[in-house]
Ligand code: ACO
């Protein structure tokens, strides 16, 4: 039988953001040298102009650790103050230990409990909600929530349907439990999440897990890379992100008119403009950086949040709507009073 949740003892506030993008840039023209595509096709269909590719000796935890250091510096928090690390990733360093444990070691956050979660492109908002539950319940005080991906390791560079879309990168936030009634910027007002496991086949990496281990017999068909039905994904992404946005606003007691900035998952500029259109928002209220980075899955939202903050595009007191959609399918939305 379900027992009622105790009332929250705290609220969660984002007190610092950070991001790290690898140095190497792969442009659309670079891609057109080894796959049949063009800058014109990629830009007009997706809005993506270039993406970052991590070095061979950079693992996901290296990208995540650097984003985490920058978020901790912004928050003025020391590593030993962090008591929870949740990393959203579909490209962990290894199947185990968790990437969060590798990050713990790299940043010296010796007092943290560490684990990863898997929700593809919605992963960061799932992780934010999980961390928020720990903080609001009063069982943890200061959390690092990270979205980090080395998606270049999951790409079939001969598949033009997918290889043009993705990139590597990491973003992080430090969130802290604050007593209710205490004024604090970056307050997470609401989060909603959803999943539809009947659509697992539409967007997936079929091989490399227990269902289809990689063998010398199947490796030639590249089951260890991203397989996606693009149009189907596109359709569900727009519908679910609009629904989730409306639900998160309602849960926060706000309406579309209250939104100052939307930070959507950065998959495709056409998806983002469809969402802005349905929410009745001008594109100036919609943050986009996918032209520089492509789709970095769980990293897109924390990276965009960090850039929007550092560029002064979101100011204290603004209502910021975060919304994501990804493989599973999964979707989520959060409202933050910046
Ligand atoms: N260059 C040139 N032509 C291409 C390329 C390319 N890179 N890729 C596909 N094409 C061709 C196709 O082969 C097809 O040719 P055909 O008509 O001769 O068969 C034609 O372009 C049109 O293909 P579509 O797939 O219909 O193109 P569409 O306009 O749907 O755009 C895209 C494809 C960009 C993938 C789009 O569907 C999309 O963005 N989907 C959503 C992706 C997404 O949001 N993913 C998010 C989740 S990712 C995650 O969770 C990890």
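From the list 66, 23, 81, 50, the lone residue that is more than 27 Å from residue 130 (Cα to Cα) and in contact with a strand residue (DSSP E or B) (Cβ under 6 Å, 6 or more places away or on another chain) is 50. Applying the criterion of being touching a residue at least 12 places away in the same chain (Cβ under 8 Å) and in a loop (DSSP other than H, G, I, E, B) to the residues of the range 177-200, the residue that is nearest to residue 296 (Cα to Cα) is 200.
Does residue 152 meet the test of being at pLDDT below 95 and under 28 Å from residue 25 (Cα atoms)?
On the way: at pLDDT below 95: no; under 28 Å from residue 25 (Cα atoms): yes.
Here the answer is no, as residue 152 does not meet what is asked.
Which of the residues spanning the range 201-221 are in a loop (DSSP other than H, G, I, E, B) and within 16 Å of the ligand (Cβ to nearest atom)? Hits for the range 201-221 are 201, 202, 205, 206, 207, 208, 209.
Quick one: would you say residue 191 is over 30 Å from residue 226 (Cβ atoms) and surrounded by 19 or more Cβ atoms within 10 Å (Cβ to Cβ)? Before the answer, list the steps.
Values: over 30 Å from residue 226 (Cβ atoms): no; surrounded by 19 or more Cβ atoms within 10 Å (Cβ to Cβ): yes.
No: the conditions fail for residue 191.
The set of residues in the range 11-35 being out of contact with any helix residue (DSSP H, G or I) (no Cβ under 6 Å at 6 or more places or on another chain), more than 30 Å from residue 188 (Cα to Cα) and either within 16 Å of the ligand (Cβ to nearest atom) or not in a strand (DSSP E or B) (or both) consists of 23, 26, 27, 30, 31, 32, 33, 34. The C-beta contact set for the range 220-236 (first residue farther than 22 Å from residue 152 by Cβ, second residue away from the ligand (no atom under 11 Å from the Cβ) and not in a helix (DSSP H, G or I), distance under 9 angstrom, 6+ apart or interchain) comprises 236/196.
Pull up the range 36-58, narrow it to residues that are in a loop (DSSP other than H, G, I, E, B) and under 22 Å from the mean Cα position of the chain (by Cα), then point me to the one that is farthest from the ligand (Cβ to nearest atom). Steps first, please.
If we filter the range 36-58 for residues that are in a loop (DSSP other than H, G, I, E, B), which is where we start, we get 36-38, 47-49, 54-58.
Restricting the remaining residues to those that are under 22 Å from the mean Cα position of the chain (by Cα) gives 47-49, 54-55, 58.
Values: 47: 9, 48: 9, 49: 13, 54: 16, 55: 22, 58: 20 Å.
Taking the candidates together, the pick is 55.
The values are calculated or read from the model by the stated rules, or taken from the named source; none is laboratory data. Owing to the predicted nature of the structure, the values given are computational and were not obtained by experimental measurement. In this analysis, Cβ positions are derived from the backbone assuming ideal geometry, glycine residues included, and neighbour counts consider all displayed protein chains.
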